[in-house]
1. Test of understanding: among SER216, SER169, which residue is within 19 Å of ILE265 (Cβ to Cβ), touching a helix residue (DSSP H, G or I) at 6+ places or on another chain (Cβ under 6 Å) and modelled with pLDDT under 95?
2. Residue by residue through the range 161-193, note down the ones that are over 15 Å from PRO15 (Cα atoms), part of a helix (DSSP H, G or I) and among the β-branched types (Val, Ile, Thr).
3. Out of ASP123, ASP129, I need the residue that is over 22 Å from SER169 (Cα atoms) and modelled with pLDDT under 90. Which one?
4. Only one of ALA202, ALA158, ALA196 is closer than 19 Å to ARG245 by Cβ, of a type in the set (A, V, I, L, M) and assigned to a helix (DSSP H, G or I). Can you tell me which?
5. When residues of the range 240-257 are filtered for being closer than 15 Å to LEU147 by Cα and in a helix (DSSP H, G or I), how many remain?
6. Looking only at the range 378-393, count how many residues are free of Cβ contacts under 8 Å to residues at least 12 places away in the same chain and polar (S, T, N, Q).
7. Determine which member of the set LEU276, LEU260 is in a helix (DSSP H, G or I), surrounded by fewer than 23 Cβ atoms within 10 Å (Cβ to Cβ) and at pLDDT 95 or above.
8. What residue, among those in the range 322-336 that are of a type outside the set (S, T, N, Q) and over 19 Å from PHE180 (Cα atoms), is surrounded by the most Cβ atoms within 10 Å (Cβ to Cβ)?
Amino acid sequence: MHFTMAMWMQVVIIPFVVSFICVWLIHPAIVKMAIVRGLTDNPNARKLQKTPVPVMGGMAVFFGIIVSAGVTSIVFNSYALFTCVVTMTVMMYMGFIDDLVGIRPWIRICLEVAVIGFVVIMDLVNINDFHGLFGIGKLPVYVSLPLCAFSGVGIINAINMIDGVDGLSSGLGIFISFVFGCVFFYSHDFTMAVMAFVTMGALVPFFFKNVFGKLSKMFIGDSGTMMMGIIMCIFCMRCIDNTSRVCYAYPNLGVIAFCLAALSIPVFDTVRVMLLRIYHGRSPFLADKSHLHHVFIRLGFSHIGTTVCIITLEFVNVLSFFLSYWLGASVTMQFIIVVLTSFITTIGTYFFLSYLDKTHRTYRVIRIVSLYSQLFVQHKFYKTMTRIMDKDMEHYDVEQDKFQE
């Protein structure tokens, strides 16, 4: 099928640009409101920041996605965006409450299952077909529904738990949205492509503010990560469902392997962390410093250096999937390759870096790379980017007085 310029505008360009502009414009106001109202994430022994940081980034991203989805609906009629908007709203508010007062894990899981059930009922999509993986086809309802609920909760919490350093969750969100967006677009599932590029456009300005900003820095919080989590969950459900347009367009593409590759770093790192916590007799939901990004920080990497390294590992996993598909591997072999590659890049990297001998040459090379990542933060380019990101916050003191009055 030939893609016209009108299709590119309606599905890719307008959704991305509108959400980008909306988040860029609303971000300073939300930062100021969060500081004035004391809605900040305060430092403690577990957290990496040294000063309080506003924690309402998810609201800025949500605003961009909602406005862009509304504007896009003027030129592109899509009923499925309604389900996405409703579920994002629920998850955003639940995450916001969790940021402020905390929600017990079992209550959060129950609400997540309810939201996933809403998607299944409204969009009639489910993880109900293995599409030939290990010779398995369509699954019975009594298997597919529990599997969908378990997988969805896992995806949401994996995205939530990966948020630990500046730019990591939003950077991964941008990359994952781009990958899903391209696959949906070329599979002619334009509704999900719109959602992917809307999400990507909303995350890009937040990423730059989060990484380079000083006065404008804001954490995305549980409201943002849980919102991203349900979006990624919906993407996977649309890919794997037995009515999947991706499978129709590319019959030999292993959709389960693809989804796993796209979410490999959050999923594999979360599984490892939770299993280690259980092994040591701790609650799997009790936060600590055992994530992959903590290893890079301990080695001396800056936040942006850590983010770049982990997104690079994610890229390797996705690349391994597409290479296996392009080389004609079977659906099962694609899955095996993704699992092995993801195991090495995530779990293997964690243990390799954690127990690497400090006298080894490899350790010295890694330390040199980490030093360069720290020097980059002092570079003229980084400082220029900081001034650009903080430009809208220059008159903060005056405007804060107005808020207080």
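1. SER169
2. If the condition is that a residue be over 15 Å from PRO15 (Cα atoms), part of a helix (DSSP H, G or I) and among the β-branched types (Val, Ile, Thr), then ILE176, VAL179, VAL183 are the ones that fit.
3. ASP123
4. The unique qualifying residue is ALA196.
5. Residues in the range 240-257 being closer than 15 Å to LEU147 by Cα and in a helix (DSSP H, G or I): 2 in total.
6. Of the residues in that region, 2 qualify.
7. On the way: LEU276 fails: at pLDDT 95 or above.
None of the other options fit; the residue is LEU260.
8. Restricting attention to the range 322-336, the residues satisfying the condition of being of a type outside the set (S, T, N, Q) are 322-323, 325-329, 331, 333, 335-336.
Subset that is over 19 Å from PHE180 (Cα atoms): 327-329, 333, 336.
Numbers: LEU327: 10, GLY328: 9, ALA329: 18, MET333: 15, ILE336: 16.
Among residues in the range 322-336 that are of a type outside the set (S, T, N, Q) and over 19 Å from PHE180 (Cα atoms), the one surrounded by the most Cβ atoms within 10 Å (Cβ to Cβ) is ALA329.
The values are calculated or read from the model by the stated rules, or taken from the named source; none is laboratory data. Just so we're clear, the structure is a prediction, and the values are computed from it rather than from any experiment. FYI the Cβ positions are ideal-geometry reconstructions off the backbone, even for glycines, and counts take in every protein chain you see.
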